[in-house]
Amino acid sequence: MSIGITPLTGTIGALIGGVDLRTADESTIGAIRGALLEHRVVFFRDHAFAPEELKAFGRRFGPLSTHPIDPGIEGHPEVLVLDSIEQRRNSHYDPNVRHYKWHTDVTFDETPPMGSILNAVVIPERGGDTQWADLVAAYNTLSDPMRVFVDDLVAVHDPRPVFTEQAAKDPTGGWQERLASLTPTKHPVVRVHPETGERALFVNPAFTTRLDGFRPEESEPILGLLYEHIAQAEHVVRWHWREGDVAFWDNRATAHYVVTNYGLGHRRMQRVTVAGDRPYGPRDLTPESAVAV
């Protein structure tokens, strides 16, 4: 099967055409993985997946993970539904925190997802785009002294600032119980990509709460600077959804957010995540573990 790959910017995003994701052979799946590694996020048109079909496509890239707090949909715990009418999460937002909607999925887990696959079920008449930021490009465009500085830092990731309010609204108590079972996790501020060896910033304003070992008055401005840098337009691709679209992003090298400018419009998406491994940083590299880039 011959596929067409059209880059959308100079660093991030590509539209892939000429493929039916339900019947793709192993060679095509390999080409999609290669495009994902090169472009960070890839898009496909005209795939209205049933939950079982979405899971089947996701499993072509590895085992699927379930969300540690959100139980997913009945009968398909691996499928997370993001629905504006049901008030299920379409974004992480706090009006008092700039760039709060930017996040990398589930970084509060010890082994965050390798990637996420999102399928558009219902799209509002206007608005509701999603943006992705290239965290490798963000790292590479830091100054040399700043890269040296952040290479050795560790950050704390915690789900409670985002999920506490939503958990409190769950009448079953399941969300509160699952949230209470989680503890903050530490990850390197700079993640070494396990397949490409590239270095990427691995902090986000939704789940990263502080730099390990720093006082709050030290940690907050450093993280704020990194968040501002990640969100620069030069690092970003913006996708205007149509029903049936699929986005597949490398969660190890991107952050994203939903532009919630669709008013009372209905936006319903379904997502699966491919399981990942524990992030490691430059300080963990050995000659044997280094990947040639």
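The values are calculated or read from the model by the stated rules, or taken from the named source; none is laboratory data. None of the values given here were measured: they were computed from a predicted structure. When we count neighbours, we look across all protein chains shown, and the Cβ atoms used for this are built from the backbone with ideal geometry, even at glycine.
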(message) Can you go through Arg238, Arg210 and tell me which one is touching a Phe, Trp or Tyr at 6+ places or on another chain (Cβ under 9 Å) and either assigned to a loop (DSSP other than H, G, I, E, B) or surrounded by fewer than 23 Cβ atoms within 10 Å (Cβ to Cβ) (or both)?
(response) Arg238
(message) Taking the conditions exactly as written (in a loop (DSSP other than H, G, I, E, B) and either at pLDDT 95 or above or surrounded by 15 or more Cβ atoms within 10 Å (Cβ to Cβ) (or both)), does Pro194 satisfy them or not?
(response) yes
(request) Looking for whichever is modelled with pLDDT of 95 or more, under 26 Å from Thr11 (Cα atoms), under 15 Å from the mean Cα position of the chain (by Cα) and of a type in the set (Asp, Glu) here; the options are Asp277, Asp245. Which one fits? (result) Asp277
(request) List every residue pair whose Cβ atoms lie under 6 Å apart, where the two residues are 6 or more positions apart in sequence or sit on different chains, the first residue falls within region 175-192 and is in contact (Cβ under 8 Å) with a residue 12 or more places away in the chain, and the second residue, located anywhere, is β-branched (Val, Ile, Thr) and assigned to a strand (DSSP E or B). (result) Pro184/Val156; Lys186/Val154; Lys186/Val156; Pro188/Val154
(message) Checking Ile69 against (1) under 23 Å from Asp129 (Cβ atoms); (2) surrounded by 15 or more Cβ atoms within 10 Å (Cβ to Cβ); (3) under 21 Å from the mean Cα position of the chain (by Cα): exactly one of these is not met. Which one?
(response) (1)
(request) Scan region 142-172 for residues that are surrounded by 15 or more Cβ atoms within 10 Å (Cβ to Cβ), outside any helix (DSSP H, G or I) and not acidic (Asp, Glu) and jot them down. (result) Leu142, Leu153, Val154, Ala155, Val156, His157, Pro159
(request) Report the residue count in region 44-61 for those that are touching a strand residue (DSSP E or B) at 6+ places or on another chain (Cβ under 6 Å) and over 30 Å from Gln166 (Cα atoms). (result) 3
(message) Condition first: on the phi < 0 side of the Ramachandran plot and surrounded by fewer than 20 Cβ atoms within 10 Å (Cβ to Cβ). Now tell me which residues in region 260-270 satisfy that.
(response) Thr260, Asn261, Tyr262, Leu264, Gly265, His266, Arg268
(message) Of the residues Ala233, Ala206, only one is under 22 Å from Val41 (Cα atoms) and within 13 Å of the chain's Cα centre (by Cα); which?
(response) Ala206
